[in-house]
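Take a look at the structure below.
The values are calculated or read from the model by the stated rules, or taken from the named source; none is laboratory data. This one's a predicted model, so the numbers in the text were calculated from it and none came from an experiment. Don't worry about glycine lacking a Cβ; one is built from the backbone with ideal geometry, like all the others, and counts go over all protein chains shown. Keep in mind that these areas ignore ligands, DNA and RNA; they rest on the heavy atoms of the full protein, side chains included. Shrake-Rupley method; radii C 1.70, N 1.55, O 1.52, S 1.80 Å.
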Amino acid sequence: MSNNAYVQLVNLSKHFGKVRALDGFSLDIAQGELVALLGPSGCGKTTALRALAGLQDLDAGSIFVDSKDITFVSPNKRNMGMVFQAYSLFPHMNARENVEYGLRMKAHRTSSSERVKRASDLLDLVGLSTHANHFPHQMSGGQQQRVALARALAIEPNVLLLDEPLSALDAKVRTQLREEIRRIQLEVGTTTLFVTHDQEEALGIADRVGVMRGGVLEQIAGPAELYERPLTSFVAEFVGLTNPLPATVSGSHAEVLGVQVPTVAGSITSGSGLALIRPEWFKVEASTSGNAKIFAVSFLGSTCRLTIDLADGARIRAQIPSSDASNLGIGSNIKVTLKSLPVFVKGA
């Protein structure tokens, strides 16, 4: 494990009957870093978060925070701030009282004046200074979740744990609040573990993203590296859209659609395989003697997604700038090639 890690999860294992929720799971988080865990339902991401919080006992493994072993420390002594999918606000308390709640507990007990000031500062931080006297039923879902975040931060936690906190909100509010959470996390500097099943959410908010499957960490990397250089076919296919196309591999290069492109680490090194191509890695141009025809066109604002039928019968999805699609429509004959970008190639 890394010597400069603030949070260390070391070989965590947890079985529920025959289900391996965590199977030798290890993760380092640096101080002040925001790490997102991403993966399908049942991959173990929430179990890992609950284990860090002390809410899930383990079959094996160790947990360290700031070099201190907290594996067997009770949850109320771990100084963790948590925000859940459900807002979990106290309905009989207004926003200020909800934020103050943790500061009344024995471990964080502060004077009345200190509580009021800290609650006021945090409500201002989350943009709700004018809602201090509002009760949960008087606030929108997004506003309630901001209060929940302020409450979690009030105790100045060693680690902030976010368990799918945005999944109950509509798309527009989710995007806005995601950006707010990132702004606040950077401003406060709290080490944060964020669990989500939403790829855009994870890639848009985190310093690093870990992709889990079957209780293990398949890959952890910065968002761009994870997207552009996946280490396994699972990561390549789970994160973003891919088009599987026949490829012939020799060493560190592959031939796809008649173009030689480099391969990424983890790809097969020889023989026939399937290259996993991102939609935006295609080059598309109108051509009466092209190798493809447009089946459908979807306008997405600044980009346009094309569903394309290749001459060999394969159907792919390409994404190009809308400004380049003005002369392309359903039934247009086109030529499709690849940009010279590294691709992941798995065995056929």
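Worth a mention:
- With the simple spin-label model, which puts each label point 7 Å out from Cα in the Cβ direction, the Thr175 to Asn291 separation comes to 3.5 nm.
- Other-chain or far-sequence residues with amide H under 5 Å of Leu217's (modelled H): Ser26
- Between Cys304 and Ile320, Ser322, the built amide H atoms are under 5 Å apart, and every one of these is 5 or more places off in sequence or on another chain.
- The fraction of accessible area contributed by carbon and sulfur in the chain is 50 percent, rounded to a whole number (1.4 Å probe; ligands and nucleic acids excluded).
- Cα gyration tensor category, rounded, prolate or oblate, for the range 185-259 with a/c compared to 1.5: prolate
- Length gained on full extension, Val19 to Lys77, computed as 0.36 nm times the residue gap minus the Cα-Cα distance: 17.9 nm.
- Built amide H within the under 5 Å cut-off of Thr71, gap 5+: Ile63
- Backbone HN-Hα couplings from phi across the range 295-312 [Karplus 6.51/-1.76/1.60, Hz, Gly and Pro as x]: 9, 8, 10, 10, 7, 10, x, 6, 10, 10, 9, 10, 9, 10, 9, 7, 4, 7
- Counting DSSP beta bridges with both ends in the chain, the antiparallel % (nearest 5): 75 percent
- Probe 1.4 Å, protein heavy atoms only - accessible area per residue of the range 1-130 in square angstrom: 51 Å²
- Extension gain, Ala348 to Ser252: 0.36 nm times the residue separation minus the Cα-Cα distance gives 32.9 nm.
- The range 72-172 - percent relative contact order, Cα under 8 Å, separation 6 or more: 48 percent
- Once the Cβ-Cβ distance of Thr307 and Ser41 is raised to the sixth power relative to R0 = 30 Å, the FRET efficiency obtained is 0.60.
- Couplings 3J(HN,Hα) of the range 137-147, computed from phi: 5, 9, 10, 6, x, x, 5, 4, 5, 5, 5 Hz, in residue order, whole Hz [Karplus 6.51 cos²θ - 1.76 cosθ + 1.60, θ = phi - 60°; x for Gly and Pro].
- The chain: relative contact order as a whole-number percent, Cα under 8 Å and 6+ apart: 16 percent
- Straight-line cross-link partners of Lys117 among the lysines, defined as a Cα under 26 Å from its Cα and at least 8 positions apart when in the same chain: Lys77, Lys106.
- Mean sequence separation of contacting Cα pairs (under 8 Å, at least six apart), scaled by the length of the range 243-348, corresponds to a relative contact order of 36 percent.
- Binned Cα-Cα distance frequencies in the chain - 20 Å width, integer %: 26, 47, 24, 3
- Nearest-20 debye value, the chain charge dipole, Cβ charges on Lys, Arg, Asp, Glu: 480 debye
- Total charge dipole magnitude, the range 13-143, about the Cα centre, Cβ charges on Lys, Arg, Asp, Glu only, Debye to nearest 20: 340 debye
- Residues of type lysines that Lys283 reaches as a straight line, Cα spacing below 26 Å, ignoring anything fewer than 8 places off in the same chain: Lys293, Lys335, Lys339, Lys346
- Karplus-derived 3J(HN,Hα) values for the range 157-170, using 6.51 cos²θ - 1.76 cosθ + 1.60 with θ = phi - 60°, are x, 5, 9, 9, 10, 10, 9, 6, x, 10, 5, 8, 9, 6 Hz; glycine and proline are entered as x.
- Taken as Cα centroids, the range 274-290 and the range 238-270 sit 14 Å apart, rounded to the nearest whole angstrom.
- Computed helical MRE - 222 nm, the chain, DSSP H runs ≥ 4 contributing -39500 (n - 2.57), nearest 500: -7000 deg cm²/dmol
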